[in-house]
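The block underneath contains the structure these notes are about, expressed in structure tokens.
The values are calculated or read from the model by the stated rules, or taken from the named source; none is laboratory data. Small disclaimer: the values here were computed from a predicted structure and weren't measured. Here the Cβ positions follow ideal geometry from the backbone for every residue, glycine too, while neighbour counts run over all protein chains shown.
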Amino acid sequence: MNKKNSFPESNQPLFQVLSFDIVLGSLAVGLFAVTLLGVKTNPVWWIILPLAVWTVYTVDHLADGLKQKDKSTIYRHDYHYRYRKILFPLILFTGLCAIALTFIFLDTAIIKWGIVLSGFVLFYLLILLIPHKHRHFYYHKEVFIAFAYTSGIFIAPLVWYGRFPDYSKWLPVIVIFILVWCETVMVSFFDYDLDKADGNASFTVRYGKRKTRQILITALILTALWLTVSAFFFENRKNIPPVLIELLMLSVLLIIIYLPDYFKSNNLYRWFGEIVFWLPGFLVLFK
């Protein structure tokens, strides 16, 4: 029997397995960031961003795969383990390219903040390599991911912005962080049984499905209310489109977690959960 067919999510397309959907989402959020702040970008940044995002996410999946080896019940982790001899040289190449292009073409301030963020990501990846049974503490993986994702995308645009943004600019950035956290926790909700079988630490494994669902619904509704109320106090109407886009994103995630049985079928939660992060790119239409 083909081993792929033994996995519950074996129909997951390679596009998702290799995190290309996440890479596209990062580019859309990057477009959102530069449009929100109204900054002119260094064109090379659009090459560095997808290279860095794909490298970090692939290393993350490889680390999970190496912990389980060929015993993983999660197809993505098993795939990365089986094809590690191909993926290792690829991530080395993409990682070195991202580093080289950053040092050659980007501002010193971006490089400095990038080094700090890289240290944070490295610390996170080292924690991942510690077997769960030997870890005498709990770390919120979902918070790490949300912080690294949001910071990695917004560092350069904020440096180019050149001054401290006002509330109408900071609020959408904070909401992106919340959205990434919610989506990551939501995935752990749907992957609960698989994570339990593999002994993986996750928000849902720690707090249970019922409590996790309640927390997600509450967080999404409160964030939507915060955005809506804040928008009424924005003096510049040009600050409204980012709010509308993020309200749409929050609504999609809320629908997914409100109807888990429907979105569990055919891995719809993965498709819609990642497509949500393609929506910010539409902010450019309001420029």
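Summary of values
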| quantity | calculated |
| --- | --- |
| Count of residues meeting criterion [basic (Lys, Arg) and touching a residue at least 24 places away in the same chain (Cβ under 8 Å)] in the stretch 236-250 | 1 |
| Qualifying residue in the stretch 73-87 (condition: closer than 24 Å to residue 157 by Cβ, buried (at least 18 other Cβ atoms within 10 Å of the Cβ), in contact with a Leu (Cβ under 6 Å, 6 or more places away or on another chain) and touching a residue at least 40 places away in the same chain (Cβ under 8 Å)) | no |
| Test: residue 63 is at pLDDT below 95, in a helix (DSSP H, G or I), at negative phi and not charged (D, E, K, R) | yes |
| Qualifying positions in the stretch 45-59 - under 20 Å from residue 142 (Cα atoms) and over 12 Å from the mean Cα position of the chain (by Cα) | 52, 55, 58, 59 |
| Enumeration of residues in the stretch 196-226 that are among the small types (Gly, Ala, Ser) and not in a helix (DSSP H, G or I) | 199, 201, 202, 208 |
| Residues (part of a helix (DSSP H, G or I) and surrounded by fewer than 17 Cβ atoms within 10 Å (Cβ to Cβ)) located in the stretch 253-269 | 255, 258, 260, 261, 262, 264, 265, 266, 268 |
| Residue satisfying condition, being more than 15 Å from residue 18 (Cα to Cα), out of contact with any strand residue (DSSP E or B) (no Cβ under 8 Å at 6 or more places or on another chain) and aromatic (Phe, Trp, Tyr), within set 88, 103 | 103 |
| Scan of the stretch 153-167 for residues that are farther than 21 Å from residue 112 by Cβ and either of a type in the set (A, V, I, L, M, F, W, C) or under 23 Å from the mean Cα position of the chain (by Cα) (or both), ordered by number | none |
| Residue within the stretch 105-114 that is among the polar types (S, T, N, Q) and surrounded by 15 or more Cβ atoms within 10 Å (Cβ to Cβ) present | no |
| Cβ pairs under 6 Å, 6+ apart, first in the stretch 251-278 and touching a residue at least 12 places away in the same chain (Cβ under 8 Å) and more than 20 Å from residue 221 (Cα to Cα), second of a type in the set (Val, Ile, Thr) and surrounded by 14 or more Cβ atoms within 10 Å (Cβ to Cβ) | none |
| Odd one out for residue 94, checked against (1) surrounded by 15 or more Cβ atoms within 10 Å (Cβ to Cβ); (2) without any contact (Cβ under 8 Å) to a residue 60 or more places away in the chain; (3) more than 30 Å from residue 159 (Cβ to Cβ) | (3) |
| Filtered residues of the stretch 30-72 (kept if hydroxyl-bearing (Ser, Thr, Tyr) and touching a Pro at 6+ places or on another chain (Cβ under 8 Å)) | 41 |
